[in-house]
Each structure stands twice: as C-alpha cells, then as structure tokens.
Protein chains: 2
Amino acid sequence: MSEKMQRITLASRPVGEPTDENFNLETLDVPDIGEGEVLVRNHYMSLDPYMRGRMDDAKSYAAPVPIGGTMEAGTVGEVIASNHPGFAPGDFAFGMLGWATHGVGKGAEMRKLDPNLAPITTALGVLGMPGFTGWFGLMEFGRPKEGETLVVAAATGPVGSMVGQVAKNLGLRVVGIAGGAEKCKMAVETYGFDACIDHYAFETASDLRKALKAECPKGIDIYFENVGGKVLDAVLPMMNPFGRIPLCGMIAWYNAGALGAEASAEALTGPRMWRSILVNFLSVNGFIISNHFDKYPDFLRAVGPMMAQGKIAFVEDIADGLENAPEAFRGLLKGRNKGKQLVKLI
Amino acid sequence: MSEKMQRITLASRPVGEPTDENFNLETLDVPDIGEGEVLVRNHYMSLDPYMRGRMDDAKSYAAPVPIGGTMEAGTVGEVIASNHPGFAPGDFAFGMLGWATHGVGKGAEMRKLDPNLAPITTALGVLGMPGFTGWFGLMEFGRPKEGETLVVAAATGPVGSMVGQVAKNLGLRVVGIAGGAEKCKMAVETYGFDACIDHYAFETASDLRKALKAECPKGIDIYFENVGGKVLDAVLPMMNPFGRIPLCGMIAWYNAGALGAEASAEALTGPRMWRSILVNFLSVNGFIISNHFDKYPDFLRAVGPMMAQGKIAFVEDIADGLENAPEAFRGLLKGRNKGKQLVKLI
C-alpha cells in the first residue's frame, strides 16, 4: 500500500468570508516524482492574506486557484525523495507546495534551507516572502530618510513588523496601527515601534485620524499600505508633500470580494483619493514581491546581519494540523493572529 | 494724473462653474515700484485649469486666492520701469503678475525673454509652464520606452500636445483623447498623434474603453493624467503591468469643487482605484511643476532643438481684452479652446 497524504482543495468560491464549505480535505496517495522533481514531507505551511484573492475568480496579478485545485501556500519540510541534483533525502527545503502534508515540486523552483542558520519556519515569515515584502517595499518605494515619520498598519504582522523594525533602524519615527491593545503593546515592546494605535478603539476614520495626529506631529512621510479601508481613509489626508505609499495589499477590502468592495467604502471615493495623491505630490506604487525575487539575495544580505545582532524580532502563531487551516485562515483575515500565521503539518 | 491699470479680483468663491459675479474688474493707479522690483505692461496673460483650484478655499498645494485678491496668472509683457539690474525699460519679461494689464514683480522672480528667439506668447505655453509640465511629467514619472503605448487626454491642450509630441519622438504609440471631432483631427494632423478619440461620442466609461481598446491593442503603458472623471475610469482597467501614471490635474472634477467631487464619480470608487494600482503594479505620481523649476533649463535644452527642427507644433487661442478673461476661462474649463488659451491685454 502506498503512503497516503492529505491536501485541502478549493471546493467552491467564497462570497465574503470563506466558510468550511469552500474547502475540501482530501486523502490521496503520495505521488511519484518525475525528472528534476523533489518530494517533500511538509512540516509547516504559511497562511497569508493574498490567498483570499486567489479564491476569487477575478482578474488579478495571479491566476485564481481552480475549483478542485490545491490551495496555494509556501511550505517548508524535509525532502523524502529527489530527482534533482540540488536536493537529497533529509535536506530541508522551502517550496510553494500548497495546503498539503506532502508535495512534489520542481527542484529548480525550491530553495534548500540550513536549519542550523535559522529555524526553518523563518523561511515562511521573517526571512521569507512576508519579511522580504516589507523590506523591499520600504526600501524601493518608501525611500526612507532619517527623521521622517512612517505609518504601517497590521503592525505586528510579518510584513508590518519588518517594515517598522527596518525603519526604526534607519532612524525614522515609526507608528503602527493594529487591532487590539495586546497587539499594540507587542508593536511597542517586542518590535520597538515608537507608538501603536488600536484601530478597534475608533469607529470612524476621522476619529482614528485624530489619534494618529497625536502620534505623528510632523505628519506622515511614508505609509506602508497593506490594509486599505478605514486606516487608509484616516491616513491619506495626513500625508506630507512628497509622501510615498508602497501598496502591497488591501486586506480590509479582501472579504468584500472583487465587485462588492465598493460597498464598504462610502467615504473614500475615487476622486477624493486621486486628489490626495495630486495635491500632496504623492508617489503610490503597487507591487507584488514575486516580481522582485531577483532582489531576494539583497534582502538576506541586508536583514541577515540585523537578525544576527538581535535587531529584528519575530513572532509566530502556529495552528496544529492541516484540518485546522481553514479556521486559522479565517482568523488571519480577521486579524486574530498575533504573529506570522503558520500551520504545523507533522 | 497717474497712469491707470485694470485688474480682475476674486469677488466671491464659486460653487461649481465660476460666474461673472465671482470676478470683479477694477480700475486703479499703476503702483510705484520698490527696491528690486520691476513694472511691466502686460501684453498677454495665460489661462490655465489650475486657476479654478485657487478660487476654492480648500487645502491644496497652493494657498487660495483671497477674496479681493488679484486672480493669479502667468503674464508676458514689456518692462516700463525697473529697480532690478536684470531688467531695463523695453525688455520683455515673463512673470506671475496676475489677471491685470500691469503688474509689479520682484525682478528675481521674473524671466527676461528674447522676442527674436521665439514669440513671447510661447513663454506662456509650449515653452512655458504647460509645455514644461508635459515634458517633465512624461520623462520623470512616465519613464517612456520605445514601442510602448501612451494615452493622454486633453490631447490638444498645451500640456497634452507636448506630452504626445515628445512621446512620438521617442517612438511610442500615442493615442489622444479630446472633446470633439475637430480637436481629434487636430491631434492627428497638427500634432502627429497615431489616433485620437472623441470622448463626447461615448456616454459611458465602458463605451469609451471599447474605443480605446481598438486603438491600444497592446494595452496602455503610460497614462498621462490631467483630467480625471470618465476618461480615468475608462483607462485604469486597461493599464498594463508596471504602467505609470503621472498625475498633474483632474480638470473633469474641478468644477465639482473640493467636497462635491464625490458626486460625479459613481463608478470610480476608492477601493476599485486602489485595486487597479495594486494588481497591475502601477506607479502613480502626483506632481505640480512649480516644485521642479530647477529642471526648467533641462526642458529648454531638450525641447528647444525639437522646436527648431519643426518637431513640436503649437496652437494658441487668443481672447481679446482683460474684460473677456472670465468667459474665456469658463470656456477653458469646458474645453471650448482649441490650443493654449491666452488673453491679449494690449
């Protein structure tokens, strides 16, 4: 009898928040590997907000997951079998092997990990795609300068916490926005932000803006944008002339869906947004990190030493078992996680 | 009896389109000049869309014109008296002397013109602020590459016609949008655009988009944005990955006013706009040319030779007499002018 594996496929496209019915947990045989391929027993998978977008059938930067297809995810695990010269059984590897206990990938598209240098989970968070996203977006499109003020939402997330910590190291004033007092405490105490504002404490964008003004007396020079919604509405009018907005997500609008998104934003109209960009000479740059993987070595060179010097903290939330991934994913979309959300698969 | 002059002041702030009641034509004595100042008999003044913004009392990149203050404008004329070593009576000079037959300016803030090099009116249009705006925005934020497709609205205006002609010279496909068949003909025949679409012929953004798609088979790489409204709504979903949007105006929304603007844009919501920027990795940069006057010599060095080689055409619309400036200004906001709108003052 061949070895069995489990995976979660997309059963149907969600309307709003994904429900259990949108996912299907399947048991199947572990597949054979072909030429140049590697079989991995996944130890951890990553959960990230972008996955919500992949569940919709809307034109976006990446093709949607097809109905019946395995949900996408970054994974780390141990190589069991290899037809690729770069990998041998017992090696640890990062790959995009999806919501699954095992996966087969092309060796050329995987990356070998040294578990003695850093815990393998960091390849999914602080040293992986989220950390790289934060560092790259800040440096490339944020163009930080000492003494400036930076605001980042989802401050304790793996992207936001990287943005804030790198900016602090460069001498900026860093103000986070997070959901709940506990996360705000973490932003200041664990990640060293100058201040962090609990957006749950403010019902309207204008109230949130008042609180931001108290913490950003010189306005905002960089808004690292990954949430949209009320936070964006609060921040936009506070941007200083020549401000920069690296834009890599709008999680607050994700569950609204591709078309329904409009309904949730009475206040933030297109013309008002456009006018803000114009009158303050803002630079808004949308990006997705997969277009910039050529810069990944630069990231490791820049952030690796900061990690080694203890200047970059990270926190992980680990859900246990593939079957609990959908609930952990819903929690992520609602901000229930405190650090980088992972799922333990072994 | 001292010499008399006329000026137009802002009598009240307009709601929507400016009416005659918003302006006041005054006759007063020509003022004396102080240290470092120059008195000019204005021959021409410029009318530009940005002036509509100055009539509102909203936070913007420039202070509003105060009630009772002279309306702002760029002017060219002959120096009558000078307390500045750079200017002598009989010289021609460009200045920001406002809607007025005469004006006193600081010599340090004026520019001497050589009427033998180019007609002095060009200092208000093709070789002045509008032409410079088009060239700078295209080169700095548009980052044009041969073979790409550029779209610019207000194609026959002094900004749009410069953008299109420079882009054509760089080997881009250039598609204009203009109001009316006559302007479209002018864009193609006078300015050498590859095509021009009459936005009056399309009631909705989606119909306009269909027409654009026919002329932009490879999508749009650069949208030089100076109008907002229906055109923006049509263009945004057509932007190619890594597209660039230099943003220097939104004339379609100006008359709507700072707060009323929302009403005119049912379709183009903030989230939809933000999503377009994100999913196509767009670069949107707001700018106003007055922040970049240090690059003006570069502009003259780049465009001067193209002018001399007959590669840059320009068209001027000249209204006669200061008293006709308000009506010409309303015409400008409605797109009734065909070329750069000037007012002859002598």
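Details
Quick grid of which residues meet (1) acidic (Asp, Glu); (2) open to solvent by less than 40 Å² (accessible area, probe 1.4 Å):
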{"site": "B:Glu17", "(1), (2)": "yes, no"}
{"site": "B:Asn24", "(1), (2)": "no, no"}
{"site": "B:Leu28", "(1), (2)": "no, no"}
{"site": "B:Met51", "(1), (2)": "no, yes"}
{"site": "B:Val65", "(1), (2)": "no, yes"}
{"site": "B:Glu72", "(1), (2)": "yes, no"}
{"site": "B:Asn83", "(1), (2)": "no, no"}
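- Residues of segment B:142-160 satisfying the condition of being at pLDDT 95 or above and over 21 Å from B:Asn285 (Cβ atoms): B:Glu146, B:Gly147
- Residues that are under 21 Å from A:Asp198 (Cα atoms) and surrounded by fewer than 19 Cβ atoms within 10 Å (Cβ to Cβ), drawn from segment A:303-332: A:Ala313, A:Val315, A:Glu316, A:Asp317, A:Arg330, A:Gly331
- Of all residues in segment B:215-240, those that are assigned to a strand (DSSP E or B) have Cβ atoms under 8 Å from Cβ atoms of residues that are basic (Lys, Arg), 6 or more apart or on another chain, in B:Asp221/B:Lys145; B:Asp221/B:Arg244; B:Ile222/B:Arg143; B:Ile222/B:Arg244; B:Tyr223/B:Arg244; B:Asn240/B:Lys218.
- In segment B:237-250 there is no residue that is over 23 Å from B:Leu150 (Cα atoms), modelled with pLDDT under 95, crowded, with 17+ Cβ neighbours inside 10 Å and of a type outside the set (A, V, I, L, M).
- Condition met for B:Leu150 (buried (at least 24 other Cβ atoms within 10 Å of the Cβ) and of a type outside the set (Gly, Ala, Ser)): yes
- Hits in segment B:162-180 (condition: modelled with pLDDT of 95 or more, open to solvent by 10 Å² or more (accessible area, probe 1.4 Å) and small (Gly, Ala, Ser)): B:Gly171
- Filter result for B:Val65 (β-branched (Val, Ile, Thr) and not in a loop (DSSP other than H, G, I, E, B)): no
- Checking A:Ala167, A:Ala214 one by one, the residue that is touching a strand residue (DSSP E or B) at 6+ places or on another chain (Cβ under 7 Å) and not assigned by TED's automatic domain parsing to the domain that holds A:Lys334 is A:Ala167 and no other.
- Restricting attention to segment A:272-302 and to residues that are more than 20 Å from B:Gly137 (Cβ to Cβ) and within 7 Å of another protein chain (Cβ to nearest Cβ), the residue that is least open to solvent (accessible area, probe 1.4 Å) turns out to be A:Phe287.
- For segment A:183-214, the set of residues classified as closer than 18 Å to A:Asn240 by Cβ and open to solvent by 60 Å² or more (accessible area, probe 1.4 Å) consists of A:Asp194, A:Lys210, A:Lys213, A:Ala214, listed by residue number.
- If only residues of segment B:107-142 that are outside any helix (DSSP H, G or I) and out of contact with any strand residue (DSSP E or B) (no Cβ under 6 Å at 6 or more places or on another chain) are counted, the one that is surrounded by the most Cβ atoms within 10 Å (Cβ to Cβ) is B:Val126.
The values are calculated or read from the model by the stated rules, or taken from the named source; none is laboratory data. Only a predicted model underlies this, so the values are computations on that prediction, with no experimental measurement involved. Cβ sites come from the backbone with ideal geometry, for glycine too, and all protein chains shown count toward neighbours. Heads up: the accessible areas ignore ligands, DNA and RNA and are worked out on the full protein's heavy atoms, side chains in. Shrake-Rupley method; radii C 1.70, N 1.55, O 1.52, S 1.80 Å.
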